[in-house]
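To start, the structure itself, in structure tokens.
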Amino acid sequence: MVCGLIVTIISGILLWVFSVSGVYRGTYTRKAFTNEITDAGTLNLVPLTILGIAAGVLMMFAGIGYGFWSMAKSKSGPRQVVPNFRVLARYCYDRSQNLITAEWDIEVADRPRFYVRGVMENGVIGEFETTVEVYFNAGEGMVGEAELQGQWLGRFVPYIGATS
């Protein structure tokens, strides 16, 4: 999306530069009696810059569309039960993306979002969004059975006692 914005801005600047310089070029290369323009100069590049603006806007819309698509798909898919899921870290962010470190600040936080980072049995490390109940149930260092759906941790049941 940022690349699309950069392409659009650069193409817009070039459109202005080519238009102004093309008009000046056309003005001083006119025939004396017929007032016919003999050379438009860089004015011939204006359609190319319009194409660049269109490509940049299309890139921005494609980035926004991909963002919406990936957010919609992040919590979908088949539910899978993962045994021996080890919780590496858990953290909470408020609406302004400020990290909440104290548990008593969660109660007054503005729309907090909860995340759990864990490693699966095969060594793959993942970060999953979850609910407040699962967040408090999954303590750092715990090993248990996790139920995952896409990038969503729906359930975590810690193993109690000695595990081999």
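The values are calculated or read from the model by the stated rules, or taken from the named source; none is laboratory data. The model shown is predicted, which means the values in this text are computed figures rather than measured ones. Cβ coordinates were reconstructed from backbone atoms using ideal geometry, including for glycine residues, and neighbour counts include every protein chain displayed. Note: accessible area is taken over every heavy atom of the protein model, side chains too, but ligands, DNA and RNA are not part of it. Shrake-Rupley method; radii C 1.70, N 1.55, O 1.52, S 1.80 Å.
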Exercise. Taking 0.36 nm per intervening residue step and subtracting the Cα-Cα distance, what contour gain separates ILE125 from LEU48 on full extension?
Worked result: 23.1 nm
For this session: Enter the accessible area per residue of the chain (Å², integer; probe 1.4 Å; all protein chains in place).
Result: 67 Å²
For this session: Work out from phi, with θ = phi - 60° and the Karplus expression 6.51 cos²θ - 1.76 cosθ + 1.60, the ³J(HN,Hα) of each residue of the range 43-58, listed in order in whole Hz, and give x for Gly and Pro.
Result: 5, 5, 8, 4, x, 5, 5, 5, 5, x, 5, 4, 5, x, 5, 5
Problem set entry | Under the Karplus curve 6.51 cos²θ - 1.76 cosθ + 1.60, θ = phi - 60°, whole-Hz ³J(HN,Hα) for the range 128-136, x wherever Gly or Pro sits | 10, 7, 8, 9, 5, 5, 5, 4, 6
Exercise. Peptides 136-146, 72-82: what's the order by average Cβ count within 10 Å, highest mean first?
Worked result: 136-146, 72-82
Seminar exercise, completed: Computed ³J(HN,Hα) along the range 18-25: with the Karplus parameters 6.51/-1.76/1.60, θ = phi - 60°, integer Hz and x for glycine or proline, the list is 5, 5, 5, 5, x, 5, 5, 4
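Taking Cα pairs under 8 Å and at least six residues apart, what relative contact order does the range 9-138 come out at, in percent?
Values: 141 pairs, mean separation 21.0, N = 130.
Once normalised by length, the contact order is 16 percent.
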Exercise. Of the accessible area of the chain, with the probe set at 1.4 angstrom, what percent is carbon plus sulfur?
Worked result: 64 percent
Seminar exercise, completed: Residues whose built amide H sits under 5 Å from the amide H of LYS75, excluding neighbours closer than 5 in sequence, are GLN151
